[in-house]
Structure formats: structure tokens, C-alpha cells
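These notes are about the structure you will find just below.
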Amino acid sequence: MSLQPPALVHHLALGARDVHRVAAFYSSQLGLPEVQRNLDESGRLRSIWLSLGDTLFMVERTTRHRESVVGVDAGLFLIAFRVDAATRAEIEQRLTSLGHPVESRSEHTSYFRDPEGNRFAVSQYPTHRKRRL
């Protein structure tokens, strides 16, 4: 019997000290609609779930501070959102005007930091190329 691999990512969870601020950033700047808010036992905001197509993008409360990752690091160090060329240019312009400049860019991808320093990108890289093995 062969193993059936997962077809999609169910959810991504991003830890944030200020859940509302970080979720509002991704909602307002990338257009991710809010799906649900979750409270802890004491009634404090624990998480905000955003919709990323068929995937949930969850911003969860944490008390820890993570140093900003530069380049490649162990574990998850980047979230890249697929966009078209026009949307990439629009996002670059909007984020730069709001004080979130392009950190670096390649032919297909622009890299930024969210309000808590997490690295993310918008990429128009063609994803349907033949894979090299």
C-alpha cells in the first residue's frame, strides 16, 4: 500500500505578541479576510484566523520574541504568497509608502517584514515548471 501524500496545507500558524496588529497587517495589506477570532479561558484574544484560499493563516498569541531571521535559518523562516506581476508591484508600492520597504528582491519575488519582524514575500515565480529530480 502506498502512502497518499497531503494535497494541500491545512493551516499556517504565526506566533505574534500583538495578535490584533499582526492579523490586521496581513488582512489590510494582503487582503486576507478574517474568518474567526478565538479567546482563551480568561476571555483574552488568543488567535485570529485569516483565509488564504483553501488554507487558514492563523495568527496566534505568544509571549516569546524571536530574533529576525536573515537568509535561511532552521525551521520556518519565510512565508511567500503567490501573486501576479501587477499585484506584486501594487503591494511593493503600498507597503513601502507605509514604512515597510522591500528588504530584498529577485526577478520574481519581493521580500518584506511584518510589524513584528517576521519575513514574508510576494512572489510571481511560475510554480508549474517541470520539477528536476
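Derivation of every value follows stated rules applied to the coordinates shown; laboratory data play no part. Just so it is clear, the model here is predicted, and its values are computed rather than measured. Glycine also receives a Cβ, built like all others from the backbone with ideal geometry; neighbour counts cover every protein chain displayed.
On the first, second and third principal axes, largest extent first, how far apart are the outermost C-alpha atoms of segment 8-63 in Å?
That works out to 32, 23, 17 Å along the principal axes.
With a point put 7 Å past each Cα toward its Cβ, work out how far Ala85 is from Arg17 in nm, to one decimal.
4.1 nm
Once the dipole of the chain is set up with Lys and Arg at +1 and Asp and Glu at -1 on Cβ about the Cα centre, which of Ser2, Met58, Leu95 lies farthest towards its positive end?
Most positive-ward Cα: Ser2.
Top mean-square fluctuation among Ala16, Ala121, Ala85, Gaussian network model of the chain, C-alpha springs under 10 Å?
So, out of Ala16, Ala121, Ala85, the one fluctuating most is Ala85.
How far apart, in nm, are the 7 Å Cα→Cβ label points at Tyr111 and Phe77?
Here the modelled spin labels are 0.8 nm apart.
Please check: in the Gaussian network model of the chain (C-alpha springs, under 10 Å), which one of Gly43, Gly15, Gly53 has the largest mean-square fluctuation.
The residue with the greatest mean-square fluctuation here is Gly43.
Which value, in debye to the nearest 20, describes the size of the charge dipole of the chain about its Cα centre when Lys and Arg Cβ atoms bear +1, Asp and Glu Cβ atoms bear -1, and nothing else is charged?
It comes to approximately 300 debye.
When the helices in the chain are scored as -39500 (n - 2.57) per DSSP H run of 4 or longer and the sum is shared across all residues, what 222 nm value do you end up with, to the nearest 500 deg cm²/dmol?
Value at 222 nm, helices only: -6000 deg cm²/dmol.
Output the relative contact order of the chain, whole-number percent, from Cα pairs under 8 angstrom with separation of 6+ residues.
Across the chain, relative contact order equals 22 percent.
Tyr125 to Met1: FRET efficiency via 1/(1 + (r/R0)^6), r the Cβ-Cβ distance, R0 30 Å, to the nearest 0.05?
The calculated FRET efficiency here is 0.30.
5 Å is the cut-off here: which amide hydrogens, built 1.01 Å from N in the peptide plane, fall below it relative to Leu12, excluding neighbours closer than 5 in sequence?
Leu56, Phe57, Met58
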